[in-house]
Amino acid sequence: MNRFSDLVRKLILAGTGPAGGEGISAVAGVANVDLLRGFFTGQDPKQFLFFTRTPNGIEAGKAFLQWLSERPGHRDKAITLRAYVAQLQALNASGKKAPADLSYIHQPVLVFNGDSDRMVPTRNSLDLAHRLPNSTLVIYPDAGHGGVFQFHTRFVSQALEFLAR
């Protein structure tokens, strides 16, 4: 147990799983294919990376991208190629680690994901919630890695309620 763990009262985790999670080391392949899909179809790759390809998922992706475009200034910088590669390398390394023992984390944890996350497969969020002794799992239907974007109103409400407890 980390000597600073008592400084964290609650955790909210979205679209993630424990080290050693099944399929996590394959994120680079999924992400790169979706970047190419976006390039060759003239669409923003976020549409493929974060949302399902169902009619609801496609519409949610379009709404999300529209929402992103509403703030033209004061935006985060685009990710650099170097940062992108480093992120994928870290995910690959994490995916190859032995499954983590998280039983010592006793703080309340709220875990979110979509039911069809291809980047960090949803089963990893279920596994993560199972490994955390004081967790609550929320899985959004017909949603991918961007489930919290797709269900942002519900997510904010659930997160605020969790933090207020």
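Here the spin labels are modelled as points 7 Å beyond Cα on the Cα-Cβ line, and at S69 and K10 they lie 3.6 nm apart.
Among the chymotrypsin sites (Phe, Trp or Tyr not before Pro) found in the range 87-165, those both in a DSSP coil and sparsely packed, with 16 or fewer other Cβ atoms within 10 Å of their Cβ, are Y104. Length gained on full extension, H152 to K97: 16.6 nm, using 0.36 nm per residue less the C-alpha separation. Stretching the chain fully between K62 and R165 yields a gain of 33.7 nm (0.36 nm per residue, less the alpha carbon separation). Bridging of K10 to lysines at a Cα separation below 24 Å is possible for none of them, once same-chain residues fewer than 8 apart are set aside.
Over the range 1-141, the reciprocal of the mean inverse Cα-Cα separation, the Kirkwood hydrodynamic radius, stands at 16.8 Å. For a straight C-alpha distance cut-off of 23 angstrom, the lysines reachable from K77 (same-chain residues fewer than eight places away being disregarded) are K46, K62.
Tell me the relative contact order for the chain as a rounded percent, counting alpha carbon contacts under 8 Å between residues six or more apart. Relative contact order comes out at 36 percent. Computed over the chain, the per-residue total of -39500 (n - 2.57) for DSSP H runs of n ≥ 4 gives a 222 nm mean residue ellipticity of -14500 deg cm²/dmol, rounded to 500.
A short reminder: the numbers here are calculations on the coordinates, not readings from a lab. What you are looking at is a predicted structure, and each value in this text was computed from that prediction instead of being measured. So basically every Cβ, Gly included, is an ideal-geometry build from the backbone, and we count neighbours across all protein chains shown.
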